[in-house]
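The values are calculated or read from the model by the stated rules, or taken from the named source; none is laboratory data. Since this is a predicted model, take the numbers as computed values, not measurements. Note that we place each Cβ from the backbone using ideal geometry, even for glycine, and neighbour counts take in every protein chain shown. Ligands, DNA and RNA are excluded from the accessible area calculation, which covers all protein heavy atoms including side chains. Shrake-Rupley method; radii C 1.70, N 1.55, O 1.52, S 1.80 Å.
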Amino acid sequence: MGNFCRKHCSCCLQTCKFSDNNSESYKVDDIVIVNNHVENAGSHPVPHQETPQNITVHSRKDSRVAYVALFDYEARTSDELSFHAGDQLLILNFTHESWWKARAVTPREKAEGFVPANYVAPVHSIESKPWFFRDIKRSEAEKQILQQDNKAGAFLIRESETQKGNYSLSVYDGITVKHYRIRRLDDGGFFISPKKKFQDLEALVENYMKVEDGLCCKLRKPCTKNEVPLPPDLCYETADHWEIDRNSLKFLKKLGQGQFGEVWEGLWNNTISVAIKTLKTGSMNAEDFLREAQLMKSLRHPKLIQLYAVCSLEEPVFIITELMRHGSLLIYLQNDNGATIKVPQQVDIGAQVASGMAYLESQNFIHRDLAARNVLVGDYGVYKVADFGLARVFKEDDVYQAKKDTKLPLKWTAPEAIRSNKFSVKSDVWSFGILLFEIATYGKTPYPGINGRQALEKIEKGYRIPKPFNCPQDLYNIMMECWNAVPENRPTFETLQWRLEDYFETESSSYLDSNSFAR
């Protein structure tokens, strides 16, 4: 069953660490490293940057072990070290969780400096392999393999979603993506077909690059990695001190304007592209803002906009975040109007937003203003939840009570939240149902022809938005579940995430059975 465990178990799947059978420490002088990443890098195109869900801190913290750079990185301050994918590094200091001090084995302009921890991995670890994709699910694997850069035989190995400690092989046969379970032997080996076993995953890959052995085709090139993770912070210096000099910011282009201020595309230190949100003078208490910003910075997930820094010592206050070049989902949907965004893309947008909201749910956060206008669009079909200006953390009753003068977006807000001014994750779920309506209608306003108060009166009498034209019944059913009159009966975001991710999955076609192999 495709996602039985995620459907019925609340436990979190732990990352399975892979270690070579040869466990001795390798000194740099003893190692010859083939730069497998450079082949994928090609002419070094400018990639989309993806926010890391968690900064990976590898367990083999041994300064005698060489690390390899997984991606290119250009130093942003004098404390940092520049490197290219495939460069060898010695880690000198692991003290900071997300920035490590490193020495380049073959120095370029500078020999030592801090490097983002999520850009490097031990040379002989599975994380260093170009075909290994750590934290992606089956649906995301398919999306990445089906990119135009990949040809028949493109493949990747990922951690199994449903079977802890095992892996899955995803292969593009030129038409579709096929999935195979990689099972683990008691002695530490691996196999796809029980008739052929391998000491490690590298040996398994090498074998299937030579012969099909029952796969849909021979493995050829690893799936192209277009998405490069964002560094954990704007730079090493802002990891713990994120109040920056406002003179380091350059405003380039106004992107939009909202209730609390304006949003601009800009540059930090004339080099790094950022989004700058300016808050209207007097729109927020300084103490409240700093508390909010501190909470925002602690949230790290691939489907949430990452907060970089603030300028709060004088007004107007600036919030600096990652830049999403395609702007708000609302305008993006309206401009597309069905030209390229079809039902599969609509479901994928919903799944990505649900993923970000499931993380907020797990952290006991309430967004309070979830809508298409507060979802931003990046390159390569990436969508992220934004605008945490109204987000609040709840402590005891899973409820946040808004101030009396708080303005509410009535057509997006759950009826119980409007009446009592109390918000919960379940009121965010109601708003998610409205967001799905916006996605299905390419940005149309809900409850057309009536105002928010009139809509509330109709809702409380049992009215719900009718199924939009051309909206699949299954998708509309999810909306209706989000609009359940009883908050406790609405689904969780975790449930919404897997239902949308598995929307097109059939139980019989999830994975190919190794028993059907020719030999």
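So here's what we get for this one:
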{"quantity": "Looking only at the range 134-187, and only at residues there that are among the acidic types (Asp, Glu) and open to solvent by 40 Å² or more (accessible area, probe 1.4 Å), the one that is farthest from Arg499 (Cα to Cα)", "calculated": "Asp187"}
{"quantity": "Tabulated pairs, the range 444-459, first more than 22 Å from Gln334 (Cα to Cα), second basic (Lys, Arg), C-beta under 8 angstrom, 6+ apart or interchain", "calculated": "Ala455/Lys411"}
{"quantity": "Cβ-Cβ under 9 Å pairs, at least 6 apart or on other chains, the range 275-300 side over 12 Å from Asp387 (Cα atoms) and modelled with pLDDT under 80, far side assigned to a strand (DSSP E or B) and open to solvent by 30 Å² or more (accessible area, probe 1.4 Å)", "calculated": "Leu295/Arg392; Leu295/Val393"}
{"quantity": "Filter pass, Cys471 being without any contact (Cβ under 8 Å) to a residue 40 or more places away in the chain, among the hydrophobic types (A, V, I, L, M, F, W, C) and within 25 Å of Asn337 (Cα to Cα)", "calculated": "yes"}
{"quantity": "Breaking point among (1) over 21 Å from Gly327 (Cβ atoms); (2) over 20 Å from the mean Cα position of the chain (by Cα); (3) small (Gly, Ala, Ser), for Ser298", "calculated": "(2)"}
{"quantity": "Number of the exception - Asp288 against (1) surrounded by 19 or more Cβ atoms within 10 Å (Cβ to Cβ); (2) out of contact with any Leu (no Cβ under 6 Å at 6 or more places or on another chain); (3) farther than 16 Å from Ala372 by Cα; (4) not hydroxyl-bearing (Ser, Thr, Tyr)", "calculated": "(1)"}
{"quantity": "Count of residues meeting criterion [over 31 Å from the mean Cα position of the chain (by Cα), modelled with pLDDT of 95 or more and either on the phi > 0 side of the Ramachandran plot or open to solvent by less than 40 Å² (accessible area, probe 1.4 Å) (or both)] in the range 189-229", "calculated": "2"}
{"quantity": "Residue in the range 322-331 that is in contact with a helix residue (DSSP H, G or I) (Cβ under 7 Å, 6 or more places away or on another chain), within 30 Å of Asp474 (Cβ to Cβ) and open to solvent by 50 Å² or more (accessible area, probe 1.4 Å) present", "calculated": "yes"}
{"quantity": "Filter result for the condition that a residue is touching an Asp or Glu at 6+ places or on another chain (Cβ under 6 Å) and surrounded by fewer than 20 Cβ atoms within 10 Å (Cβ to Cβ), over His124, His84", "calculated": "His84"}
{"quantity": "Selected residue [hydroxyl-bearing (Ser, Thr, Tyr), buried (at least 16 other Cβ atoms within 10 Å of the Cβ) and at pLDDT below 95] from Ser78, Ser98", "calculated": "Ser98"}
{"quantity": "Residue in the range 416-470 that is least open to solvent (accessible area, probe 1.4 Å), counting only those that are among the hydrophobic types (A, V, I, L, M, F, W, C) and assigned to a loop (DSSP other than H, G, I, E, B)", "calculated": "Ile465"}
